[in-house]
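Structure first, then comments.
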Amino acid sequence: MNNNPYLAQTDKAFWSRCVSRNFNADSLWGDNSKSSLFQKDDLIVSAGSCFASNLIPWIEKEGLEYLRTEELPSQFKDLPENLGYRNFSAAYGNIYTARHLRQLYEQALGVRVPAEDRWHIDGMVIDPFRPGLAYPAESDAEFDLLKASHLKAVLAAFHNATVFVFTLGLTEAWQSKVDGSVFPACPGTISGIFDEKKHEFKNFSVEEITEDLTKFIELLRESNPKVRFIITVSPVPLVATATQSHVLLASTYSKSVLRVVAEQVSSQLKDVSYFPAFEIITGPQAPFEYFESDRRNVSEIGVAEVMNSLLQGLTASKSKVIDPPAETKQMTKSRAGKLISEISRRIARAECDEAMMDKNL
Amino acid sequence: MAKLKSKSGKWALYGDANAEIIVCGHSHAASILEAIMLPEIQVGSGPEIAVCYSANWAAGPPGDKEYWDFVVELSRGKHVVIVWNGNQHNANFMFQTEPKFTILGVTENSYDKEAVPIPRAMIKDFFKISFEELTEIIPTLFNAASITLMNGPAPKPLTHIQNCILQDGYFTDIAKSLGVEMDDLVITSDSLRLELWNILAGLMAKSAETLGTNFLSAPAASRDALGLLSPEYCASDVTHANSKYGMLLIEELRKLKGKVPN
């Protein structure tokens, strides 16, 4: 046999050796000699799509600190909240696009003031960037007070984080024609009124998203130079597309773009890691059970597999919930059950405002 | 003074059974009860006002089904005044919890910039449950001549609460039983408690409107320049008003009597 570059490759370079058999999710990412993406004293902040909020109970269960800067006083904690706004470090809710993340931070810094910063609906003042809040302001003065407090909490979270986990969710978004402000949901779906003179559809490109994410990281590091980033791509397909494509094609395009962005940004910037949640859930090796029957929502088993891999190495005695796919069903029934039961309730309750676009959901 | 009692004897009507006005409801009704027992009122009022309250005051304020059934029995042709709750702001927000919070409307001089602003809509939702039982009670009083909902007195000044707590071993015992040091207890600002009370008053007024009853809020004369309960109307505990306040209410009730047929 002639010498060739493949001979020097390890098993992980060969599908037959590490996917067809002996699949281990941990081998997908980074340097395996590195024990974990997290350190025990990290202050972790996360943002992104619905999938990003799944991380939080696992982090806290592991004894890591999920930084929360916008907590409610204890008396109000049992009151209902919509769409998981308070799942995250500050109550920003789901952030599906890198543009939205960048604009949120720019707002918090005071360098960006959206032209369409509030909607007056039925006597209430709605935040277009958090349109599903269960308790909107009753007046402009109250809106200003609540918004300023929220943005202050955003800054506190972002500036004190040692690890920032961001899950890229969508390329498709709705934005203001006036100043390009990106809304988390199309106006008129959760709240607000869609106006084609003021609102337009936008499907971001690789270049645009790469620029937004890079700018956000660079901007945040001006105030928080030591923060490390973990970038993931949500494996959850689009609930609906505003393009003319079939939703499956649109979803594939969107995830492909996001995956390229994640690769580019993580390879070009220091202390930015890509974590392959997307591959763990959607790769051909993934068992059928990683998705729910709607083939869109990730199942508890799938979430467990991702989180076990993400948090591996943190605890020496930690046993994995799910190892090779062949064992998944059995292990889920026997070992994963108890571990998951505590968090499954929270995950099941976490709603997704993206889903509001599909009236049938 | 009690003449009529409920089936079990747990609840009693204080005053004349032929009184035109029947006052009922929770613990803030006691200020009216104390007032009608004052000699000057008894001489002047005749069979004007009666109060339906606990037969044994030490057993606590009214509230069970037997109590409300008793009120229904007494209500035919009467002007019924329901003193409803009135302590929600005290029961939940007397002491600061973490994180500290504020709401729009809290005055500038006591506004804490470190406090987390809470939406007023959230506060309303928090208090909403305390009014739900009214929707069951009011329809049962269909034979009454009129129904008036009344809230509790305005909040007391922080200094009054501090003095009560320091002087009364009851509060110290509660804190000890919970493992809390008294020094760690911080009373919420007057302005915050006042704004919470204002929200409660608004909810009460809205309930009255929805349920088709009158609403009577704390008399303006009972409040100081800041809107708090004036010291002369404070009972010796941390939340209630005294018989002098009850007399003010009686004056208001006389004005209301027959004003709006239910």
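Please treat every number below as a calculation from the coordinates, not as lab data. Here the structure is a predicted model, which means the values were calculated and not measured. Every residue, glycine as well, gets a Cβ built from its backbone with ideal geometry; the counts of neighbours run over all protein chains shown.
Tabulated results
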| quantity | calculated |
| --- | --- |
| Neighbour-count ranking [beta-carbon atoms within 10 angstrom, fewest first] of B:Met204, B:Met182 | B:Met182, B:Met204 |
| Beta bridges by DSSP in segment A:36-278, antiparallel share as percent, to the nearest 5 | 40 percent |
| Pairs from A:Lys147/B:Lys206; A:Lys226/A:Lys255; B:Lys156/B:Lys244 whose Cα-Cα separation, in the structure shown, is over 19 Å | A:Lys147/B:Lys206; A:Lys226/A:Lys255 |
| Global geometry of segment A:200-287, whether rounded, prolate or oblate, following the gyration tensor of its Cα atoms and the 1.5 cut on a/c | oblate |
| Separation of alpha-carbon centers, segment B:164-202 and segment B:60-78, rounded to whole Å | 31 Å |
| Rounded tilt (10° steps) of B:243-256 against the dominant C-alpha axis of chain B | 60 degrees |
| Taking B:Lys78, B:Lys65 and counting other C-beta atoms within 10 Å, the order from fewest to most | B:Lys65, B:Lys78 |
| Residues A:Val261, B:Val106, sorted so that the one with the fewest Cβ neighbours within 10 Å comes first | B:Val106, A:Val261 |
| Spatially proximal aspartates and glutamates relative to A:Lys198 (Cα-Cα < 12 Å; intrachain offsets below 8 disregarded) | A:Glu116, A:Asp179 |
| DSSP-defined beta bridges in the protein assembly as shown - what % are antiparallel, rounded to 5 | 40 percent |
| Debye intensity ratio in log₁₀ form over the Cα atoms of segment B:121-262, taken at each q of 0.11, 0.14, 0.15, 0.21 Å⁻¹ | -0.52, -0.81, -0.90, -1.30 |
| Fraction in percent of alpha-carbon pairs per bin - 10 Å, chain B | 7, 29, 34, 21, 8, 1 |
| Relative frequency of Cα-Cα separations exceeding 31 Å in the protein assembly as shown, percent | 61 percent |
| Cysteines, chain B, no other Cys beta-carbon under 4.7 Å | B:Cys164, B:Cys234 |
| DSSP beta bridge pairing in segment B:2-133, given as percent antiparallel to the nearest 5 | 40 percent |
| Segment A:180-219-segment A:63-88 distance, computed between alpha-carbon centres (Å) | 26 Å |
